[in-house]
1. Take ALA363 and decide whether it is under 23 Å from GLN436 (Cα atoms), at pLDDT below 90 and among the small types (Gly, Ala, Ser).
2. Here is a check on your reading of the model: is LEU379 free of Cβ contacts under 8 Å to residues at least 40 places away in the same chain, assigned to a helix (DSSP H, G or I) and either farther than 22 Å from PRO323 by Cα or of a type outside the set (Phe, Trp, Tyr) (or both)?
3. Would you point out which residue out of LEU438, LEU469 is in a helix (DSSP H, G or I) and at pLDDT below 90?
4. Inside region 238-296, can you point out the residues that are within 23 Å of LEU338 (Cβ to Cβ), part of a loop (DSSP other than H, G, I, E, B), modelled with pLDDT of 90 or more and within 25 Å of the chain's Cα centre (by Cα)?
5. Test each condition in (1) open to solvent by 40 Å² or more (accessible area, probe 1.4 Å); (2) within 17 Å of LEU188 (Cα to Cα) for PHE207 and report the one that comes out false.
6. So which helices (runs of 4 or more DSSP H) stay within region 475-532 end to end and still have 1 or more residues that are at pLDDT 85 or above and among the β-branched types (Val, Ile, Thr)?
7. Considering only region 465-509, state which residues are over 27 Å from ARG169 (Cα atoms), in contact with a helix residue (DSSP H, G or I) (Cβ under 8 Å, 6 or more places away or on another chain) and not aliphatic (A, V, I, L, M).
8. Of THR348, THR340, which residue is hydroxyl-bearing (Ser, Thr, Tyr), buried (at least 17 other Cβ atoms within 10 Å of the Cβ) and at pLDDT below 90?
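The values are calculated or read from the model by the stated rules, or taken from the named source; none is laboratory data. These numbers were taken from a predicted model, which means no experiment stands behind them. Backbone-built Cβ (ideal geometry, glycine too); neighbour counts: all protein chains shown. The area values use the complete protein model at the heavy-atom level, side chains included, leaving out ligands, DNA and RNA. Shrake-Rupley method; radii C 1.70, N 1.55, O 1.52, S 1.80 Å.
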Amino acid sequence: MSVHYTLNLRVFWPLVTGLCTALVCLYHVLRGSGGARAEPPDGTDGGFPLLKVAALLFLGYILLRCRHAVRQRFLPGSRRLGSHSTFSPGHFPEPSLGILLESYYEHELRLSPHVLGHSKAHVSRIVGELVRAGRARGSPGPIPGGALALAFRGDFIQVGSAYEQHKIRRPDGFDVLVPLRLPPLVALEPRSLGTEPALAPAFHGCFVCALKAPPGASGSHWLRDCKPFADGFCVDVLGRRHLSAPLVLRWFQAHLQRSLATVRYSLEGRCRVSLTPGGLEQPPTLHILPCRTDYGCCRLSMAVRLIPAVHLGDGVFLVAPPPSPSPVGPLSELPGGLRTDALWGVNTARQEQKLLCWVQERAPPGACYLKCLQLLKALRDLGARGLDLGATAQWGRILSSYMLKTALLAVLLREGVPAQGWDEAHLCNRLEELVQFLRDCLLRRQTLFHCVLGPGGAAAEVGPLPKVLREAAPVDLLAAFDRQARELAASRLLSTWRRLPQLLRVYGGPRYLDRCPPPRSQRAQGFPEDQP
């Protein structure tokens with residue numbers, strides 16, 4: 001995907017000023033150290049006054065800022081964004097909305113490719129050292145070592161929006177999968193819960209993993225040999241031993257703490273690192289803080305979620321803990337003898353990255369589908385303004401970043417490949433189409449299927465999948481939410497879309513007020529900001 005670089009005046013002019021000041025100071029130092037050079041007869045200083053340099057720099061800054069403001073105010077809307085919106089006819093004129101969206105994107109959402117690249121490289125180096133140290137240490141805990149030890153595989157997999165080019169605002173949060181290596185004497189038999197008739201729909205995306213003997217192993221001898229591993233990492237479900245996500249997560253956090261103690265000293269000169277355990281419900285978080293002696297250009301504090309993962313094959317992983325279906329109630333009781341501590345989630349980030357690459361290869365240059373996703377996230381964040389904590393959490397779960405990405409992929413796959421309608425000139429129309437699609441999913445269809453595990457899926461575009469995923473039932477991401485929650489989310493989404501110009505003016509900063517006056521119809525009617 002193409003990356004457009006723009007001049008950041010907040011960084012450019014301080015750098016130019018500092019460089020010119022350093023050159024003037026260096027000139028005066030060298031001139032003063034000459035010694036043998038005589039002063040002019042009239043006693044005046046023949047050097048270039050520092051005051052003149054500062055005045056020239058200030059004048060250049062004023063001229064460039066004026067040029068930028070004139071371009072933002074008088075740039076025609078047809079060159080930047082699309083035609084008049086049909087979703088709420090007459091509600092706001094297109095040029096005003098177009099300039100608002102473009103300005104908000106440039107100033108609030110768009111990440112600097114330079115800063116993002118540095119952040120990803122820094123995270124990769126720190127996590128790489130930590131994982132390599134964890135692999136070299138072996139396995140602590142109930143099984144100290146040997147053929148039945150759980151261990152790090154030695155690599156890690158970077159997933160999430162920062163690595164799919166649709167992260168917004170700050171590159172300060174990352175997700176990393178840490179694959180685990182099972183003992184040679186242990187094999188897994190994963191099973192999807194999507195076909196369980198008595199199970200709530202919220203659990204249809206979960207998996208359970210029973211232990212089984214590897215090919216060629218004797219049953220009685222295998223049970224005796226793998227008993228230490230089963231006692232340390234498994235629970236009984238219907239008379240069989242199943243790998244337990246909480247027990248694996250507890251071991252994983254303890255092993256990370258020991259590994260971090262090994263590499264902490266070697267990292268002192270580059271950064272300060274600490275690990276926050278997530279308990280049995282969340283993966284641990286690695287906090288990377290800039291060192292006081294670090295004078296690099298990207299001194300950011302970053303949080304990296306380290307997620308233990310068990311490889312199923314073809315780039316698909318089971319992850320601990322599984323996604324919480326808290327909207328439908330606690331995990332205290334499951335039918336059929338199932339246990340909550342035997343549930344695992346599935347991660348198909350590799351397939352989703354392949355799907356985005358497949359779309360990118362077939363999209364025309366300058367397609368704005370990722371920009372639409374970033375603006376859709378901003379719309380979600382603006383819609384959360386004014387909600388209490390409980391409503392904000394519910395709103396964030398229903399319209400999570402993964403839900404929004406799934407909706408975008410569903411629209412793209414429905415149309416085949418992004419056609420000319422997805423170029424930059426039609427950004428408003430495409431954003432409106434995504435809002436309409438989400439509204440239909442919440443109200444009319446009442447379903448939003450997983451882009452890889454849905455009906456039909458995207459197997460042809462992402463390559464082969466493990467057999468257990470091909471045979472799994474379709475996973476509906478909205479199944480965990482009742483009808484009332486979906487209706488409230490749809491109503492809030494439509495209200496936020498209709499109030500988008502007002503919200504951008506209020507939360508985008510005062511610079512938008514001068515560039516984009518409010519529409520005449522809204523000034524005449526005096527709509528309040530929270531009007532649906």
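1. Details: under 23 Å from GLN436 (Cα atoms): yes; at pLDDT below 90: yes; among the small types (Gly, Ala, Ser): yes.
When the stated conditions are applied, ALA363 passes them.
2. no
3. Result of the check over LEU438, LEU469: LEU469.
4. Of everything in region 238-296, just one residue is within 23 Å of LEU338 (Cβ to Cβ), part of a loop (DSSP other than H, G, I, E, B), modelled with pLDDT of 90 or more and within 25 Å of the chain's Cα centre (by Cα), namely PRO283.
5. (1)
6. Where helices (runs of 4 or more DSSP H) fall fully within region 475-532 and carry at least 1 residues being at pLDDT 85 or above and among the β-branched types (Val, Ile, Thr), they are 483-498.
7. ARG470, ASP476, PHE481, ASP482, ARG486, GLU487
8. Details: THR348 fails: at pLDDT below 90.
Answer to the selection: THR340.
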